[in-house]
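Written below as structure tokens is the structure these notes are about.
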Amino acid sequence: MAGKKAETGVKQYFFVIRQLTLREIRRKYARSYLGILWSVLNPLLSMAVMSMIFSTIFKRNIENFPIYYLTGSIFWSLFTGATNAAMTALVDNKSMLVKVKLPMEIFPLSRCFTVMVNFGYSLAAYAVMLLAFHIPITPYMLLLFLYAGMLFLFSLGVGYLLSIIYVMFGDVKHLYSILLTLLMYASALFYPVESTSAAMQAVIVRNPVYNYIACARKCVLEAALPGANQWARLFVWSVGMFLLGKCYFNKMKGRVLQKV
Amino acid sequence: MSSHVTEIGMGQTRKRRQLARLAFGLVLGLWIWIGRRNGMYVMAAEGKVYFGSESYVWTEGEICPLGVYFDGNLAVSGYWVCLEYDSEALEYLNGADRKEGNLLWVEGGGGETGYKRMLHFQPLAEGDTVVRVVSAGGTGTESAEDGTVTEEEFTVGRLAQAPVAIEGKGSSRLAGLEVRAKEGQAEGVIEGEGEELAGQMGFSPEVLEYHMQVGYEAERLEIAYETEDADASVIVSGTELAVGENIITLTVQGGQEEAVVYTLYVERKERPERTEKTADVKAEGVDGTAVAGGTGMGQTTQEASGDGGTGFLEEGEAEPAAIEGAATGGKKGGDGEGNIVGRQGEGEGFDGLGKGEEEGEELEPELLAAVIAVFAMSVWYGWKQAKGRKRKKKPAEKKKRRKNGVRKTVNLERKAIEVRHVTMEFRLAQDEASSLKEYMIRVLKGQNHYRMLQALRDVSFEVKQGEVVGIIGTNGSGKSTLLKIIAGALPPTEGEVIVDRRKVQILTLGTGFDMELTARENVYLNGAIIGYSREFIDEKFGEIVAFAELEGFMDERMKNFSSGMVSRLGFAIATIRDSADILILDEVLSVGDLFFREKSEARIREMIHSGATVLMVSHSSNVIRKNCDTAVWIEKGALQMAGKPDVVCGAYEQMGKNGETA
């Protein structure tokens, strides 16, 4: 009896997340004629433009530079998109928070899922780009999903933290955007890590987001697995950050209701 | 004779003047005629020497014609022209009759008035030079009517000279070529032993094909070149290297000469096997370069191997094998510099894209510790969650048991909700820090004072099962806070509320409606939020639409709805479910137009009287009077009165009046 109830509870939980996620997605393209088609078209077109730019203007001595950039870019936008969206989730939905008996973490979670769905669309566009640049398709590329999942977990953890902090201090939004800029330049999105100094490399490698990007590049461009250290970093950052965020969220959520 | 004419001419009349003119003409003609007949030259025989053009622009290496013209004012029976040219700038090819040093003679004649001779030169060097006529002469002949032929030497006035500008021929050759595998990509090793390589890679402008081999890591070549002709353009077909053989062409386009194509056959090695670590290490860091210049190519530079050694030492992986590898790498570099690039940070394992890091690397101790810590944390968290779930279950069961117990003793007086000494305090910062900076300053100064706002103060009451209880009070008295606490949305600061939360249902209208979505999408969204399952919504969808009277509008965007339509839909969704055991209504009884209001009130009444326990909030005493069995009046967070609606509402209204009069 209790088990069945828990099962329906979980089912309901995902139904709500699904609906909230659908809302965000539908809403994004609600005013356009092409509607949902944009979610594939948009990344496809912007990737085409970016690869054009990065294969002509910002030429670098990197093999398949556009793909090098795009791989980093989609993972980076997954991270920024998820954390930024999760940050404001509680505040944006405050009317729902007080009125409805929903577990509070559902809001940041559904925001992150939304970004994840968009990431899925981007992946479709990315696949087109891979074909266009004659990148051999290997089974290693399945790892992309694993990395994305781990990055999702990491982003969710950060998102949980941020959503609570954002309730307490609206300023976090601005601070975070600055922090993101810093992180972006330390993520080696459009330059090879080897081109930087040793000290800088130490910083970059300690940047959690870079690890995911590096692994993704590795499996796409080199068809290789990351080393043990890399695996350790991926695991520590994703699970560690998720737990940290989740615990903090649970600890603080009582106070959130008083605050919003 | 002439005096006679003059006399007449000097005479009178017009006729005479005409005559004078005629006579003058005659005299003149006669004088000339006589003069000529006697072999006297009235006009000198003049010759003219000139070139076809005032100046010339010739191109180095080409055969260039120079036209020499000799014209006379008499028939030229013979002429000669002596030309001078700069034999260092021009090479005389043909056209003249005689050549002496840098003097050329052109001779000829035969009675024509003009002669033309073409001389050919080949310019030798870029620059300016001059071709000039040093001397010229000739004889002109004239046959008189009587058959006498007079001959006269021509005098040549101006001696022509023409400046010649010689342009470079525009070489399409390279003077030097240097090809190296990209620095930092390592392993661009040129295949072959030193001498062999020197033969292959030693650049010579005449050799058009070169073969080289680079390592897998060399993703592109760096090509530096120098052309013989500064203006020549070079088109490099590409510098990127694919694995396998690559053909790179350098097309050199000079000014006049045909383009010359140099071809590099570059073989990029296959990806090295990951397992062969030592082989990898050997190759790594050796940035092979093949340098070839127009001069001194093919010389082995010994520094190469020396460089290799230090490069590896810097890398911190200086095993003897590695040094050996570097040394051979250097040798392999052959005539080029075996340029070693130590890969920074490699030894520390920082490099995410690092090559050769993957296999057999040692896990860093800090990372290992972190992994263990995180793992422990997740186990602990999972355990806590599981325990929490158990704990949650337990009280519920306990409550049930207790309730059962209660039921046994006081069967009819079952309590649905028990509010016990509930106090709710909100901590409000005195003047809330509006920014993080301000907050930090306050924390540092210890100035973070809070004001405690007591929303509820020691409120206790009970709601029996099936009872309809109305909570009344002015705005801000704490009614909604109380409802939230009962619903479990807010934990109270003190006291407790005993209620089976699973049975509690708050009726909220249109929570989470998104105006950009269609009505259909909103039904599912709102339904999900208030706890309906998908199957339930699917089943009840028609009913919802019918009740909201929105048939035909469901695929319309909500933003196009009137506010009445929106609230009708919200109401329909919220009330479609089977009535819960405990229903909480927060000001929901005024929805839509008059007709819908009747319908909605009927529905609410239906829900209220279905045997559910109802807790409703309103600041209108009429609503309370009409629907409730009991009324609870809360004012400024404290329970003022509880009892029969008429009594409580009367007191509430009295207070309102007092407040107004006061």
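The values are calculated or read from the model by the stated rules, or taken from the named source; none is laboratory data. No experiment lies behind these values; they were computed from the predicted model shown. A quick note on method: Cβ atoms are made from the backbone with ideal geometry, for glycine too, and the neighbour counts reach across all protein chains shown. For accessibility, only protein heavy atoms count, side chains too; no ligands or nucleic acids. Shrake-Rupley method; radii C 1.70, N 1.55, O 1.52, S 1.80 Å.
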Qualifying residue in region A:21-40 (condition: at pLDDT 80 or above, in contact with a Gly (Cβ under 7 Å, 6 or more places away or on another chain) and part of a helix (DSSP H, G or I)): no
In region B:498-508, what residues are more than 9 Å from every other protein chain (Cβ to nearest Cβ) and either among the polar types (S, T, N, Q) or open to solvent by less than 50 Å² (accessible area, probe 1.4 Å) (or both)? B:Ile498, B:Val499, B:Asp500, B:Leu507
Against the condition under 22 Å from B:Glu635 (Cα atoms), polar (S, T, N, Q) and more than 9 Å from chain A (Cβ to nearest Cβ), how does B:Ser562 come out, does it pass? no
Hits in region A:180-219 - residues which are free of Cβ contacts under 8 Å to residues at least 40 places away in the same chain, within 19 Å of A:Leu130 (Cα to Cα) and open to solvent by 10 Å² or more (accessible area, probe 1.4 Å): none
Restricting attention to region A:169-176, does a residue exist that is at the interface with chain B (Cβ under 9 Å from one of its Cβ atoms), more than 30 Å from A:Pro103 (Cα to Cα) and outside any helix (DSSP H, G or I)? no
Which of the numbered conditions does B:Asp593 fail, given that it passes all the others? Conditions: (1) of a type in the set (Asp, Glu); (2) surrounded by 14 or more Cβ atoms within 10 Å (Cβ to Cβ); (3) modelled with pLDDT under 75. (2)
For region B:529-578, give me each residue that is outside any helix (DSSP H, G or I) and touching a residue at least 60 places away in the same chain (Cβ under 8 Å). B:Arg577
Within region B:618-637, residues being open to solvent by less than 20 Å² (accessible area, probe 1.4 Å) and not in a helix (DSSP H, G or I) number 8
Evaluation of A:Tyr140 against (1) closer than 25 Å to A:Tyr210 by Cβ; (2) at pLDDT 90 or above (one fails), failing number: (2)
Hey, among the residues in region A:199-225 that are more than 7 Å from chain B (Cβ to nearest Cβ) and not in a helix (DSSP H, G or I), which one's farthest from A:Ala82 (Cα to Cα)? A:Ala223
Taking region A:115-168 and keeping only residues that are open to solvent by less than 40 Å² (accessible area, probe 1.4 Å) and assigned to a loop (DSSP other than H, G, I, E, B), one is left with A:Ile135, A:Thr138
Give all pairs with beta carbons closer than 9 Å in which a residue from region B:207-225 that is within 14 Å of another protein chain (Cβ to nearest Cβ) meets a residue that is surrounded by fewer than 20 Cβ atoms within 10 Å (Cβ to Cβ) and of a type in the set (Ser, Thr, Tyr); count only pairs at least 6 apart in sequence or on separate chains. B:Arg220/B:Thr239; B:Leu221/B:Thr239; B:Glu222/B:Thr239; B:Ile223/B:Thr239
Of (1) modelled with pLDDT of 80 or more; (2) buried (at least 18 other Cβ atoms within 10 Å of the Cβ); (3) closer than 15 Å to B:Gly510 by Cα, B:Lys559 satisfies all except one. Which? (2)
Residues that are assigned to a helix (DSSP H, G or I) and open to solvent by less than 20 Å² (accessible area, probe 1.4 Å), drawn from region B:509-528: B:Ala519, B:Asn522, B:Val523, B:Leu525, B:Asn526, B:Gly527, B:Ala528
